[in-house]
Amino acid sequence: MPKPALQTGAPLAKVEATESPSPTKPMPTEPTAPLPVQASAPMPSDSPQTTTAPPGPSAAQRRRYEQRQRFLQSTEFAQIATALTTRWPHLFRVTPETIRPLAIGIANDLCAQLPDYSPKLVHHTLSQWMADHRVIYWKALMLGGSRYDLDGNPKGEVTPEQQADARAKRKAWYDRREEIRKQQMETEQDTSAVSRQERSD
């Protein structure tokens, strides 16, 4: 089977997953979320209180990030992403109103339908689609009902456990966003206070 033609001149947009992704922009790439900061262990009361910088990303984390970025910029990713949204638009070119739970094992079905690409790349592309649409996809799972195969036919059901898992993941995602927002506000306030102090000196 010939490879799907690569659409040139229309690079994949890099946007953050929201409740309303644009249906006209297939496979947007979400910016990588900041790595979580590990809390330092509490110091004994008789130890001097010193401030240490939070640990940064490890070498392994940096390598994984770089590999992911290279993949997202590759020709293969663009071709597979285009194939998903052109051959199966009812599943992969979606809006918050039309997104539907995917059948369990659909990644293997995609690999069979896209034999010109390695299964690893197909799985990575599907994972990126899931990351780009995770908020509205979790909402679809929360509603329950049928899952759908590549032909758009019902295949399996969303279980109560999967509904609960989606609800917990969606809440945790919003909680992390709120925490980051508060940290940014505190940093801006601290910066403003330092600037005011420097001007008064």
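Here, each number is a calculation from the coordinates, and none is a lab measurement. Here the structure is a predicted model, which means the values were calculated and not measured. With ideal geometry, Cβ positions are generated from the backbone for all residues, glycine too; neighbour counts draw on all protein chains shown.
Would you pick out the residues in region 99-121 that are under 23 Å from Pro154 (Cβ atoms), in a helix (DSSP H, G or I) and not small (Gly, Ala, Ser)?
Ile106, Asn108, Asp109, Leu110, Cys111, Gln113
A quick yes/no check of all residues on (1) under 28 Å from Tyr174 (Cα atoms); (2) touching a strand residue (DSSP E or B) at 6+ places or on another chain (Cβ under 8 Å); (3) surrounded by 17 or more Cβ atoms within 10 Å (Cβ to Cβ):
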residue	(1), (2), (3)
Tyr65	yes, no, no
Thr86	no, no, no
Pro96	yes, no, no
Leu102	yes, yes, yes
Val122	no, no, yes
Asp132	yes, no, yes
Gly145	yes, yes, no
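Give all pairs with beta carbons closer than 8 Å in which a residue from region 119-130 that is touching a residue at least 60 places away in the same chain (Cβ under 8 Å) meets a residue that is buried (at least 19 other Cβ atoms within 10 Å of the Cβ) and outside any helix (DSSP H, G or I); count only pairs at least 6 apart in sequence or on separate chains.
Within 8 Å, the pairs are Thr125/Met27; Gln128/Met27; Gln128/Thr29; Trp129/Met27.
Search region 147-162 for residues that are outside any helix (DSSP H, G or I) and pair each with any residue that is buried (at least 17 other Cβ atoms within 10 Å of the Cβ) and of a type in the set (Val, Ile, Thr) when their beta-carbon atoms are under 8 Å apart and the residues are at least 6 apart or on different chains.
Every condition considered, the pairs that remain are Arg147/Val158; Asp149/Ile106; Leu150/Ile106.
Being in contact with a Leu (Cβ under 8 Å, 6 or more places away or on another chain), more than 23 Å from Tyr65 (Cα to Cα) and among the basic types (Lys, Arg): is that true of Arg147 here?
Answer is yes for this residue.
Can Lys139 be described as assigned to a helix (DSSP H, G or I) and within 21 Å of Ala107 (Cα to Cα)? Show your work before the answer.
Values: assigned to a helix (DSSP H, G or I): yes; within 21 Å of Ala107 (Cα to Cα): yes.
Against the criterion (assigned to a helix (DSSP H, G or I) and within 21 Å of Ala107 (Cα to Cα)), Lys139 qualifies.
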